[in-house]
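The values are calculated or read from the model by the stated rules, or taken from the named source; none is laboratory data. All values reported here derive from a predicted model rather than from experimental measurement. Using ideal geometry, Cβ is built from the backbone for each residue, glycine included, and neighbour counts are taken over all protein chains shown.
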Amino acid sequence: MKYKDIKLRALEPEDLELLYEWENNESYWTISNTISPFSKFTLKRYLENSHKNIYESGQLRLMIELVHDRVTVGTIDIFDFDPFHRRAGLGILIANEAYRRKGYASMALSGLIEYCFKTLQLHQLYCNILENNTESIELFQGLGFVRAGIKKAWIKTSDGYLDEHLFQLINNS
């Protein structure tokens, strides 16, 4: 799936090292709700099963790759896929700060929203964003997501608790 300067592509075995680095970066653990590292063995098994379609696995992870440089800059996920209620959660990571605020996340998210509404024929999408993640809040709101609620003191950190905001995008067509 190509969108201007980026393409969203399926996971490849060659992505193991990137996934290992990103999944084990403790600075991302709070936003990904992780509390322990992943082994290469576990991630390799995950990659081996990534061929399953979203109806089998309930999730889909795509890599965000720059078209011109063929550099993989992040990942975008559909999770908690519910075909009966026609909804799913979305998450995105642009791993290297040098690639942030360049429009890549917006392009990737726009493309994934289109895929979810047109191809998967979902009715709504949602995301959960911590109160201090202003970049993500701006990203999702900029693409039409509306704050639907706040889970107070939801995520424990070393500095205390953070609220988690729930955002939704409903397809009314």
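Do the conditions hold for Leu16, that is, is it in a strand (DSSP E or B), of a type outside the set (Phe, Trp, Tyr) and surrounded by 12 or more Cβ atoms within 10 Å (Cβ to Cβ)?
It is false that Leu16 is in a strand (DSSP E or B), of a type outside the set (Phe, Trp, Tyr) and surrounded by 12 or more Cβ atoms within 10 Å (Cβ to Cβ).
Would you mention how many residues in the stretch 32-51 are surrounded by 12 or more Cβ atoms within 10 Å (Cβ to Cβ) and either closer than 22 Å to Asp82 by Cβ or modelled with pLDDT of 90 or more (or both)?
Residues meeting the conditions: 3.
Quick one: would you say Leu11 is over 21 Å from Cys127 (Cα atoms) and touching a Ser or Thr at 6+ places or on another chain (Cβ under 8 Å)?
For Leu11, the condition - over 21 Å from Cys127 (Cα atoms) and touching a Ser or Thr at 6+ places or on another chain (Cβ under 8 Å) - is met.
Test of understanding: among Leu66, Leu112, Leu90, which residue is surrounded by fewer than 17 Cβ atoms within 10 Å (Cβ to Cβ), closer than 21 Å to Asp5 by Cβ and modelled with pLDDT of 95 or more?
None of the others qualify; the one that does is Leu66.
Which condition from (1) modelled with pLDDT of 95 or more; (2) more than 27 Å from Asp15 (Cβ to Cβ); (3) touching a strand residue (DSSP E or B) at 6+ places or on another chain (Cβ under 9 Å); (4) loosely packed, with under 15 Cβ neighbours inside 10 Å is the one that Gln121 breaks?
It is condition (3) that Gln121 fails.
On the given criteria, is Ile129 touching a strand residue (DSSP E or B) at 6+ places or on another chain (Cβ under 6 Å), of a type in the set (A, V, I, L, M), part of a helix (DSSP H, G or I) and under 16 Å from Ile76 (Cα atoms)?
Details: touching a strand residue (DSSP E or B) at 6+ places or on another chain (Cβ under 6 Å): yes; of a type in the set (A, V, I, L, M): yes; part of a helix (DSSP H, G or I): no; under 16 Å from Ile76 (Cα atoms): yes.
Taking the combined requirement at face value, the residue does not satisfy it.
Can you run down the residue pairs with Cβ atoms below 7 Å, 6 or more apart or on separate chains, where the first is in the stretch 45-71 and at negative phi and the partner is surrounded by 11 or more Cβ atoms within 10 Å (Cβ to Cβ) and aromatic (Phe, Trp, Tyr)?
Short answer, once both residue conditions are applied: Ile54/Phe81; Gln59/Phe79; Gln59/Phe81; Ile64/Tyr104.
Give the number of residues within the stretch 139-159 that are loosely packed, with under 14 Cβ neighbours inside 10 Å, assigned to a strand (DSSP E or B) and modelled with pLDDT under 95.
Selection size over the stretch 139-159: 2.
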